[in-house]
Every structure is written in C-alpha cells, then in structure tokens.
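Just below is one structure, and these are the notes that go with it.
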Amino acid sequence: MHRALERQIKRHIGNLTTPSEWRDFLDAISRTYTHFDEDRTLLDRSLELSSKEFIELNKRLAQEKEIVEQKVKERTSELEYEKKKLYEITQNMSMGAILLNSKGDVIFVNKTAENILDCSNIKLDEVLPKFYKTFLSVPLIENMHRCLTGEPSDISEAEYGDKVFQILFRCIFSDNAASEHLIWLQDITQAHL
C-alpha cells in the first residue's frame with residue numbers, strides 16, 4: 001500500500017485494519033498514488049533535462065552573441081576608419097564635390113567646392129543657391145533635375161570669373177534607385193587655354 005494512503009488511513013480511521021470489501025478499492029487508490037508519483041518523477045526528470053538543455057543553449061547563445069558583437073564592433077571600427085579615410089581623400093582632391101541626398105538636399109561639400117563657390121562659411125542648405133548664382137550662364141536647373149531623376153548629365157564648359165569649369169552631375173544608386181547625387185566641379189582652365 002502507498003505510504004501517503006497509509007498515513008491518511010491512520011489519521012482518519014485510526015488503524016490499518018480495514019474491512020476486506022474495501023481492499024480492492026484501497027488497492028486501486030494506492031495504484032493511483034503510485035502512478036501519480038511515477039508520472040511526477042518522469043515530469044521532474046524531463047523538466048530537469050529541459051532545464052539543463054536550455055541552460056546549455058543559453059550559454060551557447062551568449063557566446064554567439066559575444067562573437068557577433070565583437071564582429072560588429074570590429075566592422076564598425078573598420079567602417080569608421082574607411083569613412084575618415086574617404087573624408088580626407090575627398091577634402092584634399094582637386095575636384096570640387098557636392099553630395100546631395102535623394103531629396104536634393106546638400107549633405108556634404110568638400111574644400112575644393114567650398115573654395116570654388118566661396119561658401120566655406122555658409123550652411124549646407126545655402127550651398128545650392130550659391131552654386132546656381134555662381135554659374136548663372138549655364139542650365140544648372142535642367143541638369144540638376146535630370147540628375148535627381150536618375151539620369152547623369154554634363155556641362156562641358158561653365159565660366160566663372162577667369163576660370164572655366166566642367167560640371168558633372170552623377171547619381172549614386174542603391175537597390176536600383178538613385179539614392180544620392182554628386183555634383184563634380186573640375187577646373188579645366190588650363191586645358192581650355
């Protein structure tokens with residue numbers, strides 16, 4: 001007979017001597033207790049194994065997370081370095097560069113373009129008006145519109161003061177759509193002479 005059943009009989013009836021007609025009934029109850037204990041043991045063991053598996057998976061996941069975070073950190077550092085390098089290159093090249101976002105807003109002007117347009121002390125949103133004013137004699141708006149719609153265009157000669165410039169309008173594509181636009185200003189005065 002199951003121990004829990006024995007305790008209950010002692011507590012409520014007082015002795016373990018029970019009438020024989022109750023024997024089958026009490027055996028059935030005892031088997032139920034035993035099956036419950038076995039099921040509980042299986043469940044506890046299953047939960048213990050699952051817990052160990054989850055702990056192990058969690059450890060591996062944490063290790064993988066650390067690896068990924070380290071790779072992201074390294075890649076971010078590499079990208080920052082490349083960004084600084086590209087910035088230095090663009091700031092020190094002989095061509096002027098004006099970078100616009102997909103909406104046509106100026107987001108970058110290199111030193112050469114600032115010198116050509118005499119706009120080193122103005123805000124980025126004032127660069128295009130200065131650009132249009134500097135090269136009044138050429139169809140900048142037409143070329144800019146074509147560039148903003150994804151079509152590159154060139155102005156082979158644009159005079160400003162005693163200098164001659166070539167102006168190139170180029171698109172930078174991302175996912176088959178023009179995402180940014182570049183205006184290149186090349187001083188061709190020497191070649192023009």
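The values are calculated or read from the model by the stated rules, or taken from the named source; none is laboratory data. Bear in mind that the values here come from a model prediction, so they are computed numbers and not experimental data. So basically every Cβ, Gly included, is an ideal-geometry build from the backbone, and we count neighbours across all protein chains shown. With ligands, DNA and RNA removed, areas are computed over all heavy atoms of the protein, side chains included. Shrake-Rupley method; radii C 1.70, N 1.55, O 1.52, S 1.80 Å.
Points to keep in mind about this one:
- So residue 107, is it in contact with a Leu (Cβ under 6 Å, 6 or more places away or on another chain), among the aliphatic types (A, V, I, L, M), within 28 Å of residue 192 (Cβ to Cβ) and not in a loop (DSSP other than H, G, I, E, B): no
- Candidate set: region 136-158, residues that are in a strand (DSSP E or B) and free of Cβ contacts under 8 Å to residues at least 24 places away in the same chain; chosen: the one nearest to the chain's Cα centre (by Cα): 153
- Cβ separations smaller than 9 Å between residues 6+ apart or across chains give the following pairs from region 109-120 residues that are under 20 Å from residue 86 (Cβ atoms) to residues that are open to solvent by less than 10 Å² (accessible area, probe 1.4 Å) and part of a helix (DSSP H, G or I): 109/117; 109/127; 113/127; 113/131; 114/127.
- Filtered by the rule that a residue be more than 36 Å from the chain's Cα centre (by Cα) and of a type in the set (Ser, Thr, Tyr), region 112-135 gives 132, 134.
- Residues of region 14-37 that are over 11 Å from residue 4 (Cα atoms), among the hydrophobic types (A, V, I, L, M, F, W, C) and open to solvent by less than 60 Å² (accessible area, probe 1.4 Å): 26, 28.
- Just one of (1) surrounded by 14 or more Cβ atoms within 10 Å (Cβ to Cβ); (2) at pLDDT 85 or above fails for residue 148. It is (2).
- From the list 18, 90, the lone residue that is within 30 Å of residue 187 (Cα to Cα), at pLDDT below 90 and among the β-branched types (Val, Ile, Thr) is 90.
- Number of residues in region 165-193 that are closer than 21 Å to residue 130 by Cβ and outside any strand (DSSP E or B): the value is 2.
- In this structure, residue 113 qualifies as in contact with a Gly (Cβ under 7 Å, 6 or more places away or on another chain) and hydrophobic (A, V, I, L, M, F, W, C).
- Tally, over region 166-193, of residues that are touching a residue at least 60 places away in the same chain (Cβ under 8 Å) and either more than 20 Å from residue 105 (Cβ to Cβ) or open to solvent by 70 Å² or more (accessible area, probe 1.4 Å) (or both): 2
- Filtered residues of region 62-88 (kept if more than 30 Å from residue 111 (Cβ to Cβ), open to solvent by less than 90 Å² (accessible area, probe 1.4 Å) and more than 16 Å from the chain's Cα centre (by Cα)): 62, 67
- Pairs are defined by a Cβ separation below 8 Å, a sequence spacing of at least 6 or placement on different chains, a first member in region 78-94 that is within 16 Å of residue 115 (Cα to Cα) and among the aromatic types (Phe, Trp, Tyr), and a second member that is open to solvent by 90 Å² or more (accessible area, probe 1.4 Å) and not in a helix (DSSP H, G or I); no pair meets this definition.
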